[in-house]
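Novice: Please see the structure below; I have some questions.
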Amino acid sequence: MSKLLLIAYDPADGLQGAGFAQKLGLPFDLLCLTGVAPTDVGAERALSAGLDEVPPADALASGLSGVAGGYTHLAAVSAMRSKDVLARLAGLLDAAMVTDVIAIESPSVFKRPIVAGSIIATVEVLATPVVLTVRPAAFGTPNLGGASVAESVALAGSGTAKRLSISARGGARPDLTQAKVVVSGGRPLKDAATFESVIGGLADALGGAAGATRAAVDSGIAPNELQVGQTGKIVAPELYIAAGVSGSTQHMAGIKDSKLIVAINKDPDAPIFDNADLGLVADLYDAIPEIRAKLGR
Amino acid sequence: MKILVPIKRVVDPYAKVKPLPDGTGIDTTGVKFDINPFDEIAVEEAVRMKERDASTEVIVVSIGSGDAEEQLRKALAIGADRAILIETSAELDSPGVAAELAALAIELQPDVILMGKQATDDDCNQAGQMLAAKLGWPQATFACKVEPCGNALHVTRETDTGDETLELPFPCLVTTDLRLNEPRYIALPGIIKARSKPLDRRPAAVNQAPRTRTTRYEAPAARPPGRKVASVDDLLVALKERGVL
Ligand SMILES: Cc1cc2nc3c(=O)[nH]c(=O)nc-3n(C[C@H](O)[C@H](O)[C@H](O)COP(=O)(O)OP(=O)(O)OC[C@H]3O[C@@H](n4cnc5c(N)ncnc54)[C@H](O)[C@@H]3O)c2cc1C
Ligand SMILES: Nc1ncnc2c1ncn2[C@@H]1O[C@H](COP(=O)(O)O)[C@@H](O)[C@H]1O
């Protein structure tokens, strides 16, 4: 019988992935690596691994392979951390894998974007098990209710990679991939201080997260974890404001799921205007202070 | 040290591509091909390691049609020592690529495999991790800094929330992210030298049955056309109308 194991880093990640799990329509168990697995998202079993810190991919994938038996589907919300580990798990299990699922045709046919979102591919899975990373925005929030059986599980994995140091920069702003509002800036933001005061300032005024283009990250204007796009984060806010962003295919690949895209660019022919719902041709250094003044925030 | 660098021939990442009208593939007419940008970064990093330690050998490998010779020659022009072209007409999925590369790695016994984090055509981000799993080697994906340190590599990798540094004993596998380095401009002498460097062609060794198959390629749903607003005031009115402020 088909069954899904939804692998989550923490309860919030589990909640995000449960929308997909419910839509897939197979019975599922939820495994939370850290924290206590929620029991109200429709899983048969709510498994908590109780880790204090998630180990490097070789040890984690080895531990996960020990609990993977009996599942035909193993899935996690798409993120750098899940791609790192789940593809390794797929290798250990000799499994099929589909990255960045955005639609379910059947439990063995999925849709996913390829070539920076220029094409949507329909992928048929020809082997079991299958490992999936899924984009949660496509599947909505889960229905809550019921009561899963809560259990703790021990992951017994081993690996030879050793973590020497780890830095997490997250500040007071909401998580970029879950934020309702995202304000992004590009190359013209000059330097880190300007980016922080202009883009970060508007993000704070709107209670949102700050994002950046690759050009901004490469020139040291913004930290790498703020990069949005094909090779950065995928965002799906209610409101996405792009200021000083040209609108490259690679950047747009990360923002297509936004409900409303607003572009502020001083070049009336910038490609971003072709994909923005609302466009303002203006210098961002005039427009952003004016927006904040008129909002009184 | 011996470094193996797998590279993929992909459609030019800056080209606009469309599906074929019948949905059976990608329309590549008139589109240029290049080394997958992440793989070019991997070649560059391997060549820099060689420049710091002359005893290093850099071997590049590509799996696919004979046309990939063009990309292998480019990698040789950057400074790789020799190339292997595993010729197949099959459309390999990432598990299939990992299986071929695992067989090659067992034959060549490299200390390090350096490769791209994802191919910009299929955007899978799978083959490196699958290969590391098959070989039982430690891995560091999304690398932005690689430093040999005794019998290990110290790799700083980008994470969702910042970065971390891992120590990987040899043999190990690293996948590259964009900020690891900026590949050099290839000058003419390098291109000329690359023509006479060894390039072995051989058939695929494993020919693993595909685990997935792409059955349809379609254009994404188009976003309904937007409109320009004349001023910040008009923008704020529109945002309020839509209930996002
Ligand atoms: C393999 C690969 C992967 C990539 N992945 C990503 C990715 O994940 N994310 C990503 O973002 N990019 C990615 N890129 C890079 C992408 O192709 C573009 O180069 C990048 O998105 C451009 O960033 P930008 O819009 O900040 O800069 P630019 O293209 O330089 O655009 C700056 C814009 O700002 C406008 N401007 C200038 N001054 C002002 C002002 N004062 N006020 C208002 N507007 C102003 C200009 O008119 C221009 O339109 C990738 C590229 C490759 C090859
Ligand atoms: N046909 C291929 N030949 C050589 N290397 C490949 C091939 N396909 C993928 N790779 C390597 O695997 C990486 C990840 O690919 P993918 O899993 O397709 O995103 C690429 O960056 C390459 O280094």
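Novice: Could you go through region B:4-24 and let me know if any residue there is assigned to a helix (DSSP H, G or I), more than 14 Å from chain A (Cβ to nearest Cβ) and within 10 Å of ligand 2 (Cβ to nearest atom).
Specialist: no
Novice: Being more than 8 Å from every other protein chain (Cβ to nearest Cβ), more than 9 Å from ligand 1 (Cβ to nearest atom) and of a type outside the set (Asp, Glu) is the requirement here; does A:GLY208 meet it?
Specialist: yes
Novice: Report, by residue number, each residue of region B:206-236 that is surrounded by 15 or more Cβ atoms within 10 Å (Cβ to Cβ) and among the small types (Gly, Ala, Ser).
Specialist: Residue satisfying the conditions is B:GLY226 alone.
Novice: Kindly establish whether B:VAL206 is more than 8 Å from chain A (Cβ to nearest Cβ) and closer than 23 Å to B:GLN126 by Cα.
Specialist: Taking the combined requirement at face value, the residue satisfies it.
Novice: Another one. Taking the residues in region B:45-82 that are within 23 Å of B:ASN207 (Cα to Cα) and of a type in the set (D, E, K, R) as candidates, determine which candidate is surrounded by the fewest Cβ atoms within 10 Å (Cβ to Cβ).
Specialist: So the residue we want is B:ASP67.
Novice: Can you pull out the residues in region B:26-36 that are within 16 Å of ligand 2 (Cβ to nearest atom) and more than 9 Å from every other protein chain (Cβ to nearest Cβ)?
Specialist: B:THR28, B:PHE33, B:ASP34, B:ILE35, B:ASN36
Novice: Against the conditions (1) in contact with a helix residue (DSSP H, G or I) (Cβ under 6 Å, 6 or more places away or on another chain); (2) over 27 Å from B:ASN181 (Cα atoms), where does B:ILE78 fall short? Just the number, please.
Specialist: Unmet for B:ILE78, out of (1) in contact with a helix residue (DSSP H, G or I) (Cβ under 6 Å, 6 or more places away or on another chain); (2) over 27 Å from B:ASN181 (Cα atoms): (2).
Novice: Go through region A:103-122 and count every residue that is more than 9 Å from chain B (Cβ to nearest Cβ) and not in a strand (DSSP E or B).
Specialist: The total comes to 2.
Novice: I'd like to check which strands (runs of 3 or more DSSP E) are fully inside region A:123-184 and have at least 3 residues that are surrounded by 15 or more Cβ atoms within 10 Å (Cβ to Cβ).
Specialist: The strands (runs of 3 or more DSSP E) meeting that bar are A:130-134.
Novice: Follow-up question, since we're still on this one. Would you tally the residues in region A:70-99 being crowded, with 23+ Cβ neighbours inside 10 Å, closer than 25 Å to B:ASP34 by Cβ and within 16 Å of ligand 1 (Cβ to nearest atom)?
Specialist: Total satisfying the criteria: 2.
Novice: From the set of residues in region A:272-297 that are more than 25 Å from the chain's Cα centre (by Cα) and part of a loop (DSSP other than H, G, I, E, B), which is farthest from A:PHE195 (Cα to Cα)?
Specialist: A:GLY296
Novice: Still on this structure, I have one more. Please tell me if A:ASP257 is within 10 Å of another protein chain (Cβ to nearest Cβ), open to solvent by 30 Å² or more (accessible area, probe 1.4 Å) and away from ligand 2 (no atom under 16 Å from the Cβ).
Specialist: For A:ASP257, the condition - within 10 Å of another protein chain (Cβ to nearest Cβ), open to solvent by 30 Å² or more (accessible area, probe 1.4 Å) and away from ligand 2 (no atom under 16 Å from the Cβ) - is not met.
Novice: Please work out which one of (1) without any contact (Cβ under 8 Å) to a residue 40 or more places away in the chain; (2) out of contact with any Cys (no Cβ under 6 Å at 6 or more places or on another chain) is the condition A:THR99 fails and give its number.
Specialist: Of (1) without any contact (Cβ under 8 Å) to a residue 40 or more places away in the chain; (2) out of contact with any Cys (no Cβ under 6 Å at 6 or more places or on another chain), only one is false for A:THR99: (2).
Quick grid of which residues meet (1) within 9 Å of ligand 2 (Cβ to nearest atom); (2) under 30 Å from B:THR24 (Cα atoms):
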site	(1), (2)
B:VAL43	no, no
B:ALA46	no, no
B:SER55	no, no
B:SER62	yes, yes
B:LEU76	no, no
B:ALA99	no, yes
B:LEU104	no, no
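Novice: Identify, from the list B:LEU173, B:LEU239, B:LEU245, B:LEU199, the residue that is open to solvent by less than 40 Å² (accessible area, probe 1.4 Å) and at the interface with another protein chain (Cβ under 8 Å from one of its Cβ atoms).
Specialist: Selected residue: B:LEU239, the only one of B:LEU173, B:LEU239, B:LEU245, B:LEU199 that is open to solvent by less than 40 Å² (accessible area, probe 1.4 Å) and at the interface with another protein chain (Cβ under 8 Å from one of its Cβ atoms).
Novice: In region A:269-296, what residues are without any contact (Cβ under 8 Å) to a residue 40 or more places away in the chain, within 9 Å of ligand 1 (Cβ to nearest atom) and more than 7 Å from chain B (Cβ to nearest Cβ)?
Specialist: A:ASP269, A:ALA270, A:PRO271, A:ILE272, A:ALA282, A:ASP283, A:ASP286
Novice: Then there is this: Going by the conditions given, is A:VAL67 among the hydrophobic types (A, V, I, L, M, F, W, C) and within 20 Å of A:LYS162 (Cα to Cα)?
Specialist: No; evaluated as a whole, the condition is false for this residue.
Novice: Considering only residues that are touching a residue at least 24 places away in the same chain (Cβ under 8 Å), assigned to a loop (DSSP other than H, G, I, E, B) and within 16 Å of ligand 1 (Cβ to nearest atom), which ones fall in region B:86-124?
Specialist: Within region B:86-124, B:LYS117, B:GLN118, B:ALA119, B:THR120, B:ASP121, B:ASP122, B:CYS124 qualify.
Novice: Another question, then. Tell me, which residue of region B:25-44 that is in a loop (DSSP other than H, G, I, E, B) and out of contact with any Phe, Trp or Tyr (no Cβ under 7 Å at 6 or more places or on another chain) is most open to solvent (accessible area, probe 1.4 Å)?
Specialist: B:LYS32
Condition check ((1) within 20 Å of A:THR141 (Cα to Cα); (2) away from ligand 2 (no atom under 16 Å from the Cβ); (3) out of contact with any helix residue (DSSP H, G or I) (no Cβ under 7 Å at 6 or more places or on another chain); (4) open to solvent by less than 10 Å² (accessible area, probe 1.4 Å)) across all residues:
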| site | (1), (2), (3), (4) |
| --- | --- |
| A:SER197 | no, yes, yes, no |
| A:ALA212 | no, yes, no, yes |
| A:GLN230 | no, no, no, no |
| A:PRO237 | yes, yes, yes, yes |
| A:VAL245 | no, yes, no, yes |
| A:ILE261 | no, yes, no, yes |
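Novice: Quick check on region A:62-69. Is at least one of its residues at pLDDT 95 or above, more than 14 Å from chain B (Cβ to nearest Cβ) and crowded, with 17+ Cβ neighbours inside 10 Å?
Specialist: Looking for residues that are at pLDDT 95 or above, more than 14 Å from chain B (Cβ to nearest Cβ) and crowded, with 17+ Cβ neighbours inside 10 Å, one finds at least one in region A:62-69, hence yes.
Novice: Which of the residues spanning region B:138-170 are surrounded by fewer than 24 Cβ atoms within 10 Å (Cβ to Cβ), outside any strand (DSSP E or B), at the interface with another protein chain (Cβ under 8 Å from one of its Cβ atoms) and of a type outside the set (Asp, Glu)?
Specialist: Correct list: B:THR159, B:THR161.
The values are calculated or read from the model by the stated rules, or taken from the named source; none is laboratory data. Note that the coordinates shown come from a computational prediction; the quantities given were computed from them, not determined experimentally. No Cβ is skipped: glycine too gets one built from the backbone with ideal geometry, and neighbour counts run over all protein chains shown. Areas reflect the complete protein model, heavy atoms only, side chains present, ligands, DNA and RNA absent. Shrake-Rupley method; radii C 1.70, N 1.55, O 1.52, S 1.80 Å.
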